[in-house]
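One structure is given here, and the rest of the page talks about it.
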Amino acid sequence: MLSHPAINATLNGISAVLLACGYAAIRSGKMELHKKFMVSAFFVSCAFLVSYVIYHVRIHQVIHFQGQGWIRPVYFTLLISHTILAVVIVPLILITLRRAWTERFDKHRQIARWTLPLWFYVSVTGVIVYFMVYQIYAPH
């Protein structure tokens, strides 16, 4: 059975795959398929956010990174960029989706150029952080 952090990482990973598929679909001119992938990525990301909050409210503790040496600054740089962009990406996603929903595609494209890579980065780095904290440098 998957641990709660593994479920969260899986949701992040699924979101990243959906985002990549959505990008490929729009680049191929398949607007309806793009829409399905992006809406799916949004709901999977929402499920991640709910799950993440529930997990951290439930455990009442911070899991400290156990890696030593050169990997510590690498990890904390990754974590800090992930955390800051995770906060920034929420309104960007909402604005981007609203512009598509209201069929303001010119405005949608302008902001989507920023939203997609940042959202993808947050999703992928969430998985990397999970592996670094819970798998590679897991507490004993």
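Annotations
- Only protein atoms count toward the accessible area here, which uses a 1.4 Å probe; on segment 23-115, the carbon and sulfur part of that area reaches 67 percent.
- For segment 82-121, the Kirkwood radius over C-alpha pairs fed into Stokes-Einstein at 25 °C and 0.890 mPa s yields D = 245 µm² per second.
- All Cα-Cα distances of segment 1-104, cut into 10 Å bins from zero to the largest, leave 13, 36, 32, 15, 4, 0 percent in each bin in turn.
- Estimated FRET transfer efficiency (Arg113, Val62; beta-carbon r; R0 35 Å; 0.05): 0.50
- Positive-end extreme of charge dipole, segment 1-108 - chosen from Tyr23, Val90, Ser45 (charges on Cβ): Tyr23
- Two-site FRET efficiency, Gln135 against Val53, from Cβ-Cβ distance with R₀ of 25 Å, rounded to 0.05: 0.65
- Anisotropy class of segment 1-49 from Cα gyration tensor, a/c 1.5 cut: prolate
- With both labels modelled 7 Å from their Cα along Cα-to-Cβ, the Thr10 to Lys35 distance reads 3.0 nm.
- Rounded accessible area per residue of the chain, 1.4 Å, Å²: 65
- Its Cα centre serving as origin, the chain has a Cβ charge dipole (Lys and Arg +1, Asp and Glu -1) of approximately 380 debye.
- Globularity index of segment 53-127, i.e. its alpha-carbon radius of gyration over 2.2 N^0.38 Å: 1.43
- Size descriptors for segment 24-84 (Cα atoms only): Rg and Dmax, in that order, 17.6, 48 Å.
- Angstrom value of the Kirkwood radius, inverse mean 1/r, which spans all Cα pairs in segment 57-96: 12.3
- Alpha-carbon centroids, segment 1-61 and segment 73-130: separation in whole Å: 12
- Mean residue ellipticity, 222 nm, helices only, the chain: the sum of -39500 (n - 2.57) across DSSP H runs of n ≥ 4, divided by residue count and rounded to 500, is -28000 deg cm²/dmol.
- Nearest-ten-degree value, helix 4-27 long axis tilted from longest Cα axis of the chain: 30
The values are calculated or read from the model by the stated rules, or taken from the named source; none is laboratory data. All values reported here derive from a predicted model rather than from experimental measurement. Note that each Cβ is placed from the backbone with ideal geometry, even for glycine, and that neighbours are counted across all protein chains shown. For accessibility, only protein heavy atoms count, side chains too; no ligands or nucleic acids. Shrake-Rupley method; radii C 1.70, N 1.55, O 1.52, S 1.80 Å.
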